[in-house]
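To start, the structure under review is shown below, and the notes come after it.
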Amino acid sequence: MTKIGLEIHCQLTKLESKLFCSCKANYREFEPNTNICPICMGIPGSLPLLNKSAVEKATLIAMALDCRTPDKIAFFRKNYFYPDLPKNFQITQLNAYGNTSIGWEGKISVGNVKIRIRRIQLEEDPGRLIYEGATEKTKLTLVDYNRAGTPLVEIVTEPDFETPHQVREFLNILSDLLENLNVSDPGLEGAMRADANVSIEGGSKVEIKNIGSFHDLEKAVHFEITRQQSLAERKIEIVQETRHWDDGRKITVSARTKEEEAEYRYHLEADIPWVRINDGTKNQLQIHMPESISSKKERYVSKYGITPQVADILSSDRYFSELFEKANNETNAKDIANMITTDIMGLLDTREKRDASKLKGDHITDLVEYIKSNKITRASAKLALDEVIKNGKRLSEIIEDLNLGHVSNEDVLSGIIAEVLDEEAKAVEDSKQNPDIVNFLVGKVMQKTRGKADPELTLLLLKKHLDID
Amino acid sequence: MVSEEEIAHVAKLMKIELEDHSSHIKRVQKMLEYFDILDNANVESEEIIVQETDLDKLRDDKYVPYDKDLLKFLNSYQGKYVKAPKLN
Amino acid sequence: MNLGISALNYVNGIKNNEFTVEEFISESLDHIKQVDEKLHAFLRINDFAIKNAKEIDAKIKSNQNVGKCYGMPISIKDNICIEGSKTTCASKVLENFIAPHTSTVVSRLHSEDSIIIGKTNMDEFAMGLSTEFSAYGPSKNPWNNDFVPGGSSGGSGVSVAANECIASLGSDTGGSIRNPASFCSVVGLKPTYGLVSRYGLVSYSNSIEQIGPMTKTVEDSAFLLNIISGIDPNDNTTLDNKNQDYLSDIDAGIDGKKIGIVTEMANSDGLSTNVLDATNDSIKTFEKLGANCEHVSLQMVPYTVAAYYTITSTEAGSNLARYDNVRYGYELDSSGFEFNSYISQARSKLGPEVIRRMILGGFVPSAGHAGKYFSKALKVKSKLITEIKHVFEKFDFLISPTVPIQPFKFGEKINDPVSFMMVDFNTVTANLTGIPAISVPYKITNGLPIGIQIMANNLEEHSMLQAAYALEKTVDLPEVQI
Ligand SMILES: [Zn+2]
């Protein structure tokens, strides 16, 4: 089985200032090295000053992803030498002395797959390197530190994805969520970056780094699965390694650099005391937050009697749960939930389709009502749904347009039944031995009416004609 | 005793040239040997104690542009970029 | 003019028109010129000192508001930044580093109209206890120039002891204020962790170090602490001391107070007979002052030096990683160099002790060794904090000799790293636990000073200063001959 895990880096672009200094969080509008100060440049004598809102916004993300959140958060130093790191260490988080990162053990559903969130942490972004000329000929590296210290939230998932499609869907859901929480603008260049790890049945885990956009992430994962499968087919061992996504050639390339022993010498960042986040603060944040997935699910089950499975699927997707909330008028909740999960989710299974869809909650309310009162068959309802999604017209109009109303006129139906009985002489004959054949004949009538025949009336009339009780 | 190779390896990670400093190795070894005393402290079960603060005491999220030209204090730059040696 | 007066007497002298700021400053500068070639307390003298003095004199003359310091000359350890001037940490790596910011302590001194007379010598990046590791040569003990002045704030200690200035600010990571205070026979105070802002102090081991005053009298330390202490928005670790006045009731005495003599420190293997005698003598003095003295054991103390060096090396390894000469430092053309070799080349300017600490700092927190060294050190620190907390439920103060030995000769200890480390034995406890501690000059034996250390509970500087004041009033030490 293919297993894919993700490490998402998301800048908190909606913040005014950087994580540890008052320089601008959105560095994009600046000339190189003009959005810097002694703190983000690590000038001797400077001290990090933690941004309160960064902690709050990161905690919001953790809550929205159903994570557990700590009573105290702690920061650590990850030590390594690199020109984009002004201090030659990065201030980040680690759960070394209990759980002190922004969040852990979260979950989010993507369709009917549950993706577990391992950990969420708050950290600083490094500066940006600019290379002059081709790599081999480059005499030096140029550094722009404007980005250094930008608040970054790292979201690490368990390897719960099985397909690139799920990865894409997850990223879409996550983007929506971050936008919705007003913490980030995922559309900004470089605001969202990701690394992935991919393994297929029986193979080692391969890390893919350097993926610049979510669009490429899906491609990179897809490429990597195909690459690994092709190796497996040829019985070539898949080695554990780090690969880079080559943006130009759209392939993953083995990171040739010799695996220098990763030795980050993590230790506590003493310049930032552990920050207590009390229940009052958490409750305050909760007010600004869309209802959590788990509490939504619980509400669906307990208030509306929806089965846990359906509630799970429905609650974990913001788009469909919003649709549900709008369509549901307290008396029809179960039917609405079933229609969304069995019919609508399949029709709107990509973000593009959802964006283009004209379907509103009212449409679903009406559809369920029409089916219940026998004004339309289930089969016709499906056709109507297709139309609604396309043009957003009112249901009554669509039924008229497509002539989807039930054929429940006895005379009309009797005429059609007569035709069918004529054509299906053998079946009529067989029905004398086997009364179940009548269902086959109902089907034939349905075919002729393109699903519009009132099924109960048809059965009744057929039985009358065939003398079955 | 910690081997010379181990110390040399760490020195490399810390970007310290040991060529001219081989005399350091013996001294470092002696210091590390002294640190073995920590094994007798019997502290395995201790919880660590750290400084704490409250969320409201932290800096408010406000953009305040730095009012000095920091590039002036930096010694090696090209145009508007800081110059670093090439990688790899 | 007597340059050896206390800060409080200096203020009175100015107020009573006994001398002008300019007179005092210019005489101080002359004195520095005379003695500092030998003593080498200073790395740099403030060229604007006379100009500053004139400005303050003008303010005094025209009855403008004048700050509490009235132009008093204060020296600053060269790891504390002042905007626009060099801060080298006595390292070649920062030979040309000009700070773009002023430390909070210096800002506060400036706003009280003190004059920063110069930057003082120290062990490179504050790693050491004798100034022998300064990249610019050691400072000399004014009591005997063949002996070390202690360190790492050795230059600060010397500058105060030799009357080159009224007072100084040092930094104390494991005794770096108290050790030279003891060796030079001045008062040195290490405040509670967080009482004084570290903004503008070049970090060495940021979880335990503090800036503090080095002065001629206990009252002067209280006077300076009033100015430099308190919460600072530029340092997340600072504490609110509610503007406490440390000078008030400083003469309250210690009648009825309970004093714990730390057994492990008062009887350690490395304790010299002279220091032991002085300590026993001080215990009698405390009792005469009405305090009850009793031995108390801190079981973690034997492990503190190892824990201290493990923690400080780890943090130093991280804090000094930024000295890669990419953004600031000295002239070294990077073109043609590969990144790693450039940095290694640049960092070879670090001095020998710093290099050793870098190696230790790479080793003790590394994945394979953190369990043996770094985690244990943190736990020793934590257990010591718990022990200290219990002890202060019963005692008001803890005392010990500040340093187990008297000043030693240059080169005497430098080749034996373990006995070198053990010099810190009595001072590191206050750093590891965060509590305040003060060294009070107590005795001169064989021409060399001995200091007594008083420790108090967190944020108990006020009562600690009362105890130090009471002890100070019982001693009458000879003047240093320069
Ligand atoms: Zn900044």
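Miscellaneous remarks
- Cross-link pairs exceeding 22 Å in C-alpha to C-alpha distance, out of A:358/A:382; C:77/C:413; C:68/C:216, comprise C:77/C:413.
- With the simple model of a label 7 Å out from the Cα in the direction of the Cβ, residue C:111 to residue A:468 spans 9.6 nm.
- Taking a point 7 Å from the Cα of residue A:419 along the Cα-to-Cβ direction, the residues of region A:443-458 with backbone N closer than 15 Å to it are A:443-454.
- Set A:326/A:372; A:14/B:62; B:68/C:54 screened for pairs whose C-alpha atoms are more than 23 Å apart: B:68/C:54
- Shape category assigned to region A:291-401 from the gyration tensor of Cα positions, a/c cut at 1.5: oblate
- Three-way shape label, region A:2-281, alpha-carbon gyration tensor, a/c 1.5: oblate
- Computed E for residue A:189/residue B:17 - FRET, C-beta separation, R0 30 angstrom, nearest 0.05: 0.15
- Theoretical ellipticity at 222 nm over chain B - DSSP helices of four or more residues, -39500 (n - 2.57) apiece, nearest 500: -8500 deg cm²/dmol
- A simple spin-label model places pseudo-atoms 7 Å from Cα toward Cβ; at residue C:96 and residue C:418 they are separated by 4.4 nm.
- Residues residue C:481 and residue C:50, FRET efficiency given R0 of 22 Å [Cβ-Cβ distance, rounded to 0.05]: 0.20
- Ranked list, fewest to most other Cβ atoms within 10 Å of each Cβ, for B:63, A:300, A:319: B:63, A:319, A:300
- Tail beyond 42 Å, pair distance distribution of the protein assembly as shown (Cα, percent): 49
- Principal semi-axes in Å for region C:11-86 [√(5λ), Cα gyration tensor, largest first]: 24, 16, 10
- Here the 3J(HN,Hα) profile of region C:238-247, calculated from phi with Karplus coefficients 6.51, -1.76 and 1.60 at θ = phi - 60°, is 7, 10, 8, 9, 6, 6, 4, 9, 6, 7 Hz, Gly and Pro shown as x.
- Mean-position separation - Cα centroids, region C:316-346 and region C:131-159, in angstrom: 29
- Listed by chain and number, the lysines placed with their C-alpha closer than 17 angstrom to that of residue A:235 are A:205; residues fewer than eight positions away on the same chain are left out.
- Estimated [θ] at 222 nm from DSSP helical runs (n ≥ 4, -39500 (n - 2.57)) normalised by residues in chain C, nearest 500: -11500 deg cm²/dmol
- Packing-based exposure ordering (other Cβ within 10 Å, fewest first) of A:207, C:338, C:37: C:37, C:338, A:207
- A simple charge model with +1 on the Cβ of Lys and Arg, -1 on the Cβ of Asp and Glu and nothing else charged puts the dipole of region C:19-109 at about 260 debye relative to its Cα centre.
- When peptides C:224-230, C:234-240, C:179-185, A:412-418 are sorted by average Cβ neighbour count within 10 Å, with the highest value leading, the order is C:179-185, C:224-230, C:234-240, A:412-418.
- Projecting the Cα positions of A:363, C:406, C:340 onto the charge dipole of the protein assembly as shown (unit charges on Cβ atoms of Lys, Arg, Asp and Glu, taken about the Cα centre) puts C:340 furthest along the positive direction.
- Neighbouring partner chain Cβ atoms per residue of A:74-84, average, 10 Å criterion: 5
- Interchain or long-range residues, amide H under 5 Å from residue C:167's placed H: C:75
- For residues of A:242-250, the mean tally of beta carbons on other chains within 10 Å: 0
- For region A:61-86, the residues whose amide N sits under 17 Å from a probe point set 7 Å from the Cα of residue B:57 along the beta carbon direction are A:71-75.
- Radius, Kirkwood style, for region A:410-466 when every pair of distinct Cα atoms is counted (Å): 11.0
- Residues whose amide H falls under 5 Å from that of residue A:72, counting only those 5 or more places apart or on a different chain, are A:277, with hydrogens built in the peptide plane.
- Note on A:32-39: average number of Cβ atoms from other chains within 10 Å of each residue's Cβ is 6.
- Of A:303/A:375; B:12/B:83; B:15/C:376; C:92/C:372, those spanning more than 30 Å from alpha-carbon to alpha-carbon: C:92/C:372
- Between region A:344-408 and region A:13-82, the alpha-carbon center distance in angstrom: 48
- Of A:252, A:231, A:295, farthest towards positive along the dipole that unit charges on Lys, Arg, Asp, Glu beta carbons give region A:204-309: A:295
- Taking the convex hull of Cα positions in region A:178-321, its mean projected area over all directions (nm²): 14.6
- Under 25 Å from residue A:432, Cα to Cα: lysines that are on another chain or at least 8 residues apart: A:444, A:448, A:463, A:464
- Estimated distance in nm for a label pair at residue A:334 and residue C:280, the labels positioned 7 Å out from Cα along Cα-to-Cβ: 9.3
Rule-based calculations on the coordinates, nothing more; no lab input. Predicted model, so just to flag it, every value in this text is computed and none were measured. All Cβ positions, glycine included, derive from the backbone under ideal geometry; neighbour counts span all protein chains shown.
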